Amino acid sequence: MELRRNLKENLEILDEELGIEKSFDVVNREIIIGDKNASLLFIDGFAKDDIMVFVMEILQNIDEKDFRRDAIKKLIKQKIPYLEVEASKDIEQIKFMILSGALAILLDGEEEGIILDVRTYPVRGPQEPDLERVTRGARDGLTETIVFNTALIRRRVRDPKLRFEITKVGRRSQTDVVVGYIEDIANPKLVQEIKDKLDQIDTDALEMAEKTLEEFILGRNWNPLPQARYTERPDVAATHLFEGHIIVMVDTTPSVMILPVTIFHFTQHAEDYYQNPAVGTYMRWIRLMAMVLSYIVPPLWLVLVYNKGILPSWLKFIGPKETGEISLFLQFVILEIGIDILRIASIHTPNALTTSLGIIGGLILSEFAVKVGWFIPETVLYMAIASIGMFATPSIEFSMAIRIFRMILLISTGLFKGIGFFGALLVTFIVLFTTKSFGGVRYLWPLIPFNKRGLATVLFRKPIPEVRYRPDFLHTIDRDAAPPKDETPK
């Protein structure tokens with residue numbers, strides 16, 4: 001639908017759509033520009049007051065002689081000293097821009113309106129994200145405003161081939177979604193595939209922002225393994241862009257989705273690269289060990305206790321002298337649930353009380369549980385080791401996946417002993433082997449399919465000049481063709 005020349009009719013149409021008379025924050029400021037009646041339409045709280053006052057002062061001082069012909073063009077080209085300004089006849093576009101925070105100027109007798117991007121959003125500062133802290137390095141983090149996020153990334157990627165393509169998702173929310181990539185590095189088929197999936201999304205809104213978007217892009221499945229990596233650090237997002245990854249940003253959230261990824265993307269942290277290669281490699285190995293221990297320690301100890309009679313002499317120390325009032329299997333199950341309750345409670349607890357909650361839950365309750373005979377010290381110890389391994393995992397999504405697989409392994413071991421233990425291990429490996437990331441990328445790459453150089457890059461924090469390694473699946477070729485040789489940009 002296009003604007004009409006009658007200002008009153010245009011206001012009636014917009015009032016029906018926007019509820020100008022009903023919503024207190026939808027403002028219609030009536031003024032006279034030259035000899036024409038005009039309306040300034042905007043959302044209270046989005047428009048910058050100082051810019052609004054400046055624009056109104058300019059408009060109200062315009063001589064009526066300037067509006068004998070081409071009033072809209074003269075306003076834009078000669079009278080309004082503002083950078084982001086355009087003319088539009090489309091009522092839908094004007095409505096959307098008003099709801100996004102822009103200022104719309106409608107004049108009586110004109111079939112075009114003027115849109116000024118004077119919006120500003122309530123926003124926190126770009127402070128360092130809590131989940132990705134480093135001891136040395138940049139302290140800025142992404143925010144809930146998408147324009148700020150693109151600026152933080154572009155500050156680090158001054159490549160003329162960097163592209164940020166914006167689209168809207170959600171019939172009612174009209175949420176801004178940006179796909180970012182470096183044009184001559186990213187695989188064009190993967191870029192197009194993401195854009196096609198965004199175009200096909202049919203939903204009212206992205207209620208949980210990027211998490212809702214992930215389930216539309218990657219499909220609906222019950223596999224706990226995360227297939228998209230999230231980061232709130234602009235330096236991490238920039239690094240992945242240089243490698244050929246694609247990032248997806250959603251307005252109102254500080255998290256950036258990185259696609260495609262493999263399992264080893266969830267084992268690395270920015271801290272590795274802010275230390276020297278030897279220290280970074282050591283930290284990476286310790287982190288990998290902690291993640292493996294988190295998955296296997298409680299079930300492995302339990303299966304060894306069940307088969308204590310066949311253990312060699314040097315492992316005879318394994319196993320308790322007394323099992324307590326509750327079976328060992330149930331002790332682990334109760335501890336698993338208890339730790340999850342404690343974790344959930346800490347999320348809902350004010351920061352000032354979190355330390356007290358940890359002391360009560362982690363020390364006092366476990367100590368009294370051992371004294372009254374519910375638990376034995378060994379089960380508490382090994383579950384504590386598993387929990388520390390979870391907290392050492394850089395990705396919260398991947399740590400929760402480990403938690404789910406550990407629970408499956410534990411229950412299977414408790415019910416079927418050795419057969420259940422090895423059977424659950426096999427199921428875990430099958431899930432890892434069959435899982436594919438976005439674009440059909442193998443989840444276990446570079447282990448399966450084997451890539452010597454890629455695996456070395458994963459296991460060792462190499463010197464920075466050697467780190468800029470681009471995986472096969474991120475090359476700018478048709479991924480159905482034969483994979484090229486490894487490429488290291490100059």
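List of remarks:
- Of all residues in the range 192-208, those being part of a helix (DSSP H, G or I) and surrounded by fewer than 19 Cβ atoms within 10 Å (Cβ to Cβ) number 8.
- When residues of the range 295-333 are limited to those that are of a type in the set (Ser, Thr, Tyr) and either outside the structural domain of MET407 (by TED's automatic domain parsing) or modelled with pLDDT under 95 (or both), the one farthest from ALA369 (Cα to Cα): SER313
- Residue within the range 165-173 that is under 18 Å from the mean Cα position of the chain (by Cα), closer than 30 Å to LEU75 by Cβ and part of a loop (DSSP other than H, G, I, E, B) present: no
For every residue, the table says whether it meets (1) over 20 Å from THR212 (Cα atoms); (2) out of contact with any Leu (no Cβ under 6 Å at 6 or more places or on another chain); (3) not polar (S, T, N, Q).
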| site | (1), (2), (3) |
| --- | --- |
| GLY244 | yes, no, yes |
| ILE247 | no, yes, yes |
| PRO254 | no, no, yes |
| MET257 | no, yes, yes |
| ASP272 | yes, yes, yes |
| GLN275 | yes, yes, no |
| ILE286 | yes, yes, yes |
| MET289 | yes, yes, yes |
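- Qualifying residue in the range 277-287 (condition: in contact with a Phe, Trp or Tyr (Cβ under 9 Å, 6 or more places away or on another chain), modelled with pLDDT of 95 or more and β-branched (Val, Ile, Thr)): no
- Inclusion of GLY324 among residues that are within 44 Å of the chain's Cα centre (by Cα), in a loop (DSSP other than H, G, I, E, B) and of a type outside the set (Asp, Glu) is not warranted.
Conditions (1) at pLDDT below 95; (2) outside the structural domain of SER294 (by TED's automatic domain parsing); (3) assigned to a helix (DSSP H, G or I); (4) touching a Pro at 6+ places or on another chain (Cβ under 6 Å), marked per residue:
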{"site": "GLU397", "(1), (2), (3), (4)": "yes, no, yes, yes"}
{"site": "PHE405", "(1), (2), (3), (4)": "no, no, yes, no"}
{"site": "ILE411", "(1), (2), (3), (4)": "no, no, yes, no"}
{"site": "GLY423", "(1), (2), (3), (4)": "no, no, yes, no"}
{"site": "PRO449", "(1), (2), (3), (4)": "yes, yes, no, no"}
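- Criterion (at pLDDT 95 or above and under 17 Å from the mean Cα position of the chain (by Cα)) met by exactly one of ILE146, ILE153: ILE153
- The single residue among LEU41, LEU11, LEU18 that is out of contact with any helix residue (DSSP H, G or I) (no Cβ under 7 Å at 6 or more places or on another chain), aliphatic (A, V, I, L, M), within 23 Å of GLY101 (Cβ to Cβ) and in the same structural domain as LEU107 (by TED's automatic domain parsing) turns out to be LEU11.
- Every listed requirement among (1) in a helix (DSSP H, G or I); (2) surrounded by fewer than 19 Cβ atoms within 10 Å (Cβ to Cβ) is met by TRP222 save one, (1).
- Enumerated strands (runs of 3 or more DSSP E) restricted to the range 1-107, each holding at least 2 residues that are of a type in the set (D, E, K, R) and under 24 Å from THR120 (Cα atoms): 26-33
- Residues of the range 258-284 that are of a type in the set (Phe, Trp, Tyr) and without any contact (Cβ under 8 Å) to a residue 60 or more places away in the chain: TYR282 alone.
- GLY125 vs. criteria outside the structural domain of ASP44 (by TED's automatic domain parsing), more than 30 Å from VAL27 (Cα to Cα) and part of a loop (DSSP other than H, G, I, E, B): no
- Residues that are under 16 Å from MET289 (Cβ atoms) and either free of Cβ contacts under 8 Å to residues at least 60 places away in the same chain or not charged (D, E, K, R) (or both) do occur in the range 401-414.
- Only residues that are surrounded by fewer than 16 Cβ atoms within 10 Å (Cβ to Cβ) and more than 19 Å from VAL118 (Cβ to Cβ) were counted in the range 24-65, giving 7.
- Qualifying residue in the range 299-313 (condition: buried (at least 17 other Cβ atoms within 10 Å of the Cβ), of a type in the set (Val, Ile, Thr), in contact (Cβ under 8 Å) with a residue 60 or more places away in the chain and closer than 18 Å to ILE402 by Cα): no
The values are calculated or read from the model by the stated rules, or taken from the named source; none is laboratory data. Quick caveat: nothing in here was measured; it's all calculated off a predicted structure. Here Cβ is always computed from backbone atoms with ideal geometry, including for glycine, and neighbour counts include all displayed protein chains.
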